[in-house]
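Q: The structure under discussion is supplied below as structure tokens; questions concerning it will follow.
The values are calculated or read from the model by the stated rules, or taken from the named source; none is laboratory data. No experiment lies behind these values; they were computed from the predicted model shown. Using ideal geometry, Cβ is built from the backbone for each residue, glycine included, and neighbour counts are taken over all protein chains shown.
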Amino acid sequence: MRILVINPNTLASVTDLVATHVRQVAGNRAEVVPVTGRFGARYIASRAAACIAGHAALDALAEHVTGCDAVYLACFGDPGLAALREISPVPVVGMAEASCREAAATGRFGIVTGGAAWAPMLTEFVGSLGLGERFTGVRTIAPTGDRIANDPDAALADLAAACRRCAEEDDAGVVILGGAALAGLAARIQADVPVPVLCSVAVGTEAAIAAASSGDRQPPALALDSIGLGPALTRRLSGD
């Protein structure tokens, strides 16, 4: 099976990082097709950037989904997820949704990520999933994910401390380390945190593999006139 992995920001280095970890988790169960956003913010750390990223994700899906069995939106925050599902002929998995649902299944959960702007955005996102009663909140550290990816060792102590605060002060029974650029760091800080720390990239990968294995296919019935969009997205929106 083939999984289209969409990084809706424009940093190819983040795409490479995510693809490496998705392949490690998937092993020989799936072929990974990584794609970087064709336009938009270098890294998503604001509402405006997230909105643009949703468009970039739609553009990437339209261009590359043919021949794939599932789509993995590899951005914690899932920009454009509902719209992707509306136009996709195959299942679409969002990194944040998959992680939050898995964490909530075990009890109370918190989120740790990079960049203060994500705290209200993710709080609203969790509420939209109907998981607010099990959510203990978001703890952020100052560097955004792109900076963490450039020097992960420098962020480990702060990430571990934020996860401990989720457990000890917020009473979270599990913590999601959220963010494509934080791939692989959960395992590196787990020994310093008293509750399980979930890697959002790994959780989303397993969900994408399960979705691809389901065989669900629902060709969208769209007939939307548009102007100024990329050719592939224009065709998909028109139903061609």
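Q: Looking at (1) touching a Gly at 6+ places or on another chain (Cβ under 6 Å); (2) surrounded by 24 or more Cβ atoms within 10 Å (Cβ to Cβ), can you tell me which one Ile52 breaks?
A: (2)
Q: Could you identify the single residue in Tyr72, Tyr43 that is touching a helix residue (DSSP H, G or I) at 6+ places or on another chain (Cβ under 7 Å), closer than 17 Å to Asp16 by Cα and either among the aliphatic types (A, V, I, L, M) or part of a loop (DSSP other than H, G, I, E, B) (or both)? Please lay out each step first, then the result.
A: Values: Tyr72 fails: either among the aliphatic types (A, V, I, L, M) or part of a loop (DSSP other than H, G, I, E, B) (or both).
Just a single option satisfies the conditions, and that option is Tyr43.
Q: Among the residues of the stretch 212-227, is there at least one that is surrounded by 18 or more Cβ atoms within 10 Å (Cβ to Cβ) and part of a helix (DSSP H, G or I)? Step through it out loud before you land on a result.
A: Within the stretch 212-227, the first condition is being surrounded by 18 or more Cβ atoms within 10 Å (Cβ to Cβ), and the residues that meet it are 212.
Still in the running and part of a helix (DSSP H, G or I): 212.
Looking through the stretch 212-227, at least one residue is surrounded by 18 or more Cβ atoms within 10 Å (Cβ to Cβ) and part of a helix (DSSP H, G or I).
Q: Considering only residues that are basic (Lys, Arg) and either in a helix (DSSP H, G or I) or at pLDDT below 95 (or both), which ones fall in the stretch 136-189?
A: Start the filter on the stretch 136-189 by keeping residues that are basic (Lys, Arg), which leaves 139, 147, 164-165, 188.
Correct list: Arg147, Arg164, Arg165, Arg188.
Q: Only residues that are outside any strand (DSSP E or B) and either crowded, with 19+ Cβ neighbours inside 10 Å or not assigned by TED's automatic domain parsing to the domain that holds Asp59 (or both): list them for the stretch 22-37, please. Working first, answer last.
A: So the first thing to find is which residues in the stretch 22-37 are outside any strand (DSSP E or B), and the list is 22-30, 37.
Val22, Val25, Ala26, Ala30, Gly37 - these are the residues of the stretch 22-37 that are outside any strand (DSSP E or B) and either crowded, with 19+ Cβ neighbours inside 10 Å or not assigned by TED's automatic domain parsing to the domain that holds Asp59 (or both).
Q: Could you run through the stretch 93-110 and say how many residues are touching a Phe, Trp or Tyr at 6+ places or on another chain (Cβ under 9 Å) and either over 22 Å from Ala210 (Cβ atoms) or free of Cβ contacts under 8 Å to residues at least 24 places away in the same chain (or both)?
A: The number of residues fulfilling the criteria is 2.
Q: To continue, here is another question. Looking at (1) of a type outside the set (Gly, Ala, Ser); (2) assigned to a loop (DSSP other than H, G, I, E, B); (3) not assigned by TED's automatic domain parsing to the domain that holds Arg108, can you tell me which one Val195 breaks?
A: For Val195, the failing item is (3).
Q: Identify, from the list Ala62, Ala56, the residue that is out of contact with any strand residue (DSSP E or B) (no Cβ under 9 Å at 6 or more places or on another chain) and in contact (Cβ under 8 Å) with a residue 24 or more places away in the chain.
A: Exactly one residue qualifies, and that residue is Ala62.
Q: Sticking with this one: Hey, among the residues in the stretch 75-110 that are crowded, with 22+ Cβ neighbours inside 10 Å, in a helix (DSSP H, G or I) and among the small types (Gly, Ala, Ser), which one's farthest from the chain's Cα centre (by Cα)?
A: Ala103
Q: Additional query: If Thr113 satisfies every condition in (1) among the hydroxyl-bearing types (Ser, Thr, Tyr); (2) outside the structural domain of Gln218 (by TED's automatic domain parsing); (3) assigned to a loop (DSSP other than H, G, I, E, B) but one, which is the exception?
A: For Thr113, the failing item is (3).
Q: Mind telling me which of the residues Ala98, Ala70, Ala104, Ala62 ends up being farther than 16 Å from Ala207 by Cβ and among the small types (Gly, Ala, Ser)?
A: Details: Ala98 fails: farther than 16 Å from Ala207 by Cβ; Ala70 fails: farther than 16 Å from Ala207 by Cβ; Ala104 fails: farther than 16 Å from Ala207 by Cβ.
Answer to the selection: Ala62.
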